[in-house]
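Working notes for the structure below.
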Amino acid sequence: MIESLLIANRGEIARRIIRTAKRLGIRSIAVHSEADAGLPFVVEADEAVCIGPANPAQSYRNADAILAAATSTGAQAIHPGYGFLSENADFARTVDAKGLIWVGPGADAISAMGDKINARNLMASAGVPVAPGSEDPAESVEAAIEAAASIGYPVMVKAAAGGGGMGMAVAAGETGLRGEYDKVRAFAERMFGDGSVLIERYFPRVRHVEVQILGLADGRVIALSERECSVQRRNQKLVEEAPSPAVGPELRERFLAAAVKAGEAVGYRNAGTVECLLDPATGEFFFLEMNTRLQVEHPITELIHGTDLVEQQLRIASGLEPNFDVTRPTSGHAIELRINAEDPKRFLPGPGKVTTWVEPTGEGVRVDSGYGPGTTVTPFYDSLLAKLIVYGTDRDDAIAKARSAVAGFEIAGPKNNVPFFAELLDNDEFLSGAYDTGIVARMR
């Protein structure tokens, strides 16, 4: 097993990884920006190194500074968490070249899945269902219009190198496509350094369902179970639950089989997620993208499988087999609510100093947090404050526990979206389980 681990991330995910490292007796090393010096993950690590100012480009995305910290502290391995450099193939290659262990998939798999056009073409050749779309980048607005004409409107205009719901727009017709194409291309060039644009069929009523996979040390790829991620704002997730209320046994088998094919197509190792769009009217699903890292929502899979996915990541990276029964059926129901520093109506960021922070407790309640009393939420990073996770015997029990936990979560200082979750957990559409990605817009 790995003996020393540098966590190239911050906030709740750094704290989460440190917790597992401590339980396993692994020395944990945190890197942090100047702005994050007072956060819990810095204090809880066995060692901490400041790697630069608040700007992520000068700290958490600064590969040279992170590698220098790994060398100076004698780290054996690097866990990238999610975001920042977690899906940067060049960084993964450099970590390997330095003789360090990369806790994640190989650089080739990251590269293959990092471009949405390449990824969808690779998945199609592997027999994974993909939505109708362009096989090559639309190099001009005229090419985009030609592609849309063969696909059929409405279409999604997507940054090929994008992720996390960024760089996406919907066009209902040619006029809209002309405007959105230029916007998406400019955004993609600015944010990702790659202006390639994909045109894909847009489904107005669709569910977002994903499958957790593990590429094991012996070369096998296994699929654990699916997660429902359809409660979104601006194409970014707010709530996830597992199992999905829209997926029955037959559909689940098809989802898991497709996810295994996707992993095998790129020789996947370590933890990853195959994201799909599900048409609830027909039961058809289509590959959306593969996230070559640990997902924010991994805790709900942990709870229904009774395992620690970070531990499994470390075992795989160490060349070890899983230490849980990968064939054991899931049990119970889990829900995750993303507590963000944003107002609960328009979801606009609201940083500030935390004056009150009281986390809910109780059976089946888990909080993975990045902040606490007296800490400051700065405007430099993602707005995620904490993840409120509940586990129940079934969906109704989990929802009841979520209601109680939301009522008991007290935060003052920064704006936060806790009141939104109280509203959602009493929403008839959500309670029915028959919701789709438009649920938040309909609530607003």
At 10 °C and 1.306 mPa s, grab the translational diffusion coefficient of segment 132-201 from Stokes-Einstein with a Kirkwood Rh over Cα pairs, rounded to a whole number in µm² per second. 140 µm²/s
Roughly how big is segment 51-154's charge dipole about its Cα centre, with Cβ charges of +1 (Lys, Arg) and -1 (Asp, Glu), in debye to the nearest 20? 480 debye
Measure off 7 Å from each Cα along the Cα-to-Cβ vector at GLU423 and GLU284, then give the distance between these two points in nanometres to one decimal. 3.4 nm
So, R0 is 25 Å and r is the distance between the beta-carbons of VAL170 and GLU250; what FRET efficiency does that work out to, to 0.05? 0.20
Could you give the dipole magnitude of the chain about its Cα centre, charging the beta-carbon of Lys and Arg +1 and that of Asp and Glu -1, in debye to the nearest 20? 640 debye
Roughly how many whole Å is it from the C-alpha centroid of segment 380-395 to that of segment 1-48? 20 Å
With θ taken as phi - 60° and the coefficients 6.51, -1.76 and 1.60, list the Karplus ³J(HN,Hα) couplings across segment 437-443 in order, rounded to whole Hz; mark glycine and proline as x. 5, x, 4, 5, 4, 5, 6
Report relative contact order for segment 207-443 in percent, whole number only (criteria: Cα-Cα under 8 Å, sequence separation at least 6). 21 percent
Computed for segment 132-201: size of charge dipole around the Cα centre, +1 on C-beta of each Lys and Arg, -1 on C-beta of each Asp and Glu, debye to nearest 20, value 300 debye
Straight-line reach from LYS415: which aspartates and glutamates fall under 15 Å, measuring Cα to Cα and dropping same-chain residues less than 8 apart? GLU342, ASP343, ASP382
Can you list the lysines whose alpha carbon sits under 30 Å from that of LYS261, skipping same-chain ones fewer than 8 residues off? LYS116, LYS158, LYS237
In whole Å, what is the distance between the alpha-carbon centres of segment 192-216 and segment 73-88? 24 Å
Could you run the Karplus curve 6.51 cos²θ - 1.76 cosθ + 1.60 with θ = phi - 60° over segment 19-35 and give me ³J(HN,Hα) per residue in whole Hz, x for Gly and Pro? 4, 5, 4, 4, 4, 8, x, 9, 5, 9, 10, 9, 10, 8, 7, 4, 5
Under a Cβ-Cβ cut-off of 15 Å, what is the net charge of the residues other than GLY372 that fall near it, where Lys and Arg count +1 and Asp and Glu count -1? 0
Within 12 Å, Cβ to Cβ, of ALA107, how many net charges do the neighbouring residues add up to if Lys/Arg are +1 and Asp/Glu are -1? -2
Would you work out the relative contact order for segment 4-103, in percent, from Cα pairs under 8 angstrom that are 6 or more residues apart? 29 percent
With unit charges on the beta carbons (Lys and Arg positive, Asp and Glu negative) and the dipole taken about the Cα centre of the chain, which residue among LEU385, CYS276, PHE91 sits farthest to the positive side? LEU385
Mean separation of Cα contacts under 8 Å (6+ apart) over length of the chain, as relative contact order %: 15 percent
Mind checking segment 330-396 for chymotrypsin sites (Phe, Trp or Tyr not before Pro) that DSSP puts in a loop (not H, G, I, E or B) and that have at most 16 other Cβ atoms within 10 Å? PHE380
Give the lysines whose C-alpha is closer than 27 Å to that of LYS98, dropping any in the same chain fewer than 8 places away, or say none. LYS22
Cα gyration tensor shape of segment 301-444, rounded if a/c is under 1.5, else prolate or oblate by comparing a/b with b/c: oblate
Per 10 Å bin, what percent of the C-alpha pairs of segment 4-103 does each bin hold, from zero upward? 18, 57, 25, 1
Which far-off residues, 5 or more places away or on another chain, put their amide H under 5 Å from the one on LEU288, with H placed in the peptide plane? GLU275, CYS276, LEU277
When the Karplus curve 6.51 cos²θ - 1.76 cosθ + 1.60 is applied with θ = phi - 60°, which whole-Hz ³J(HN,Hα) does each residue of segment 376-385 get, with x for Gly and Pro? 10, 8, 8, x, 7, 10, 3, 7, 5, 8
Taking the dipole of the chain about the Cα centre (Lys, Arg +1; Asp, Glu -1; charges at Cβ), the one of PRO53, LEU238, GLY25 that reaches farthest to the positive side is PRO53
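Every read-out reported here was derived from the displayed coordinates using simple, explicitly stated rules and does not represent laboratory data. A quick note: this is a predicted structure, and the numbers were derived from the prediction, not measured. Neighbour counts are summed over all protein chains in view; Cβ atoms, including those assigned to glycine, are modelled from backbone coordinates with ideal geometry.
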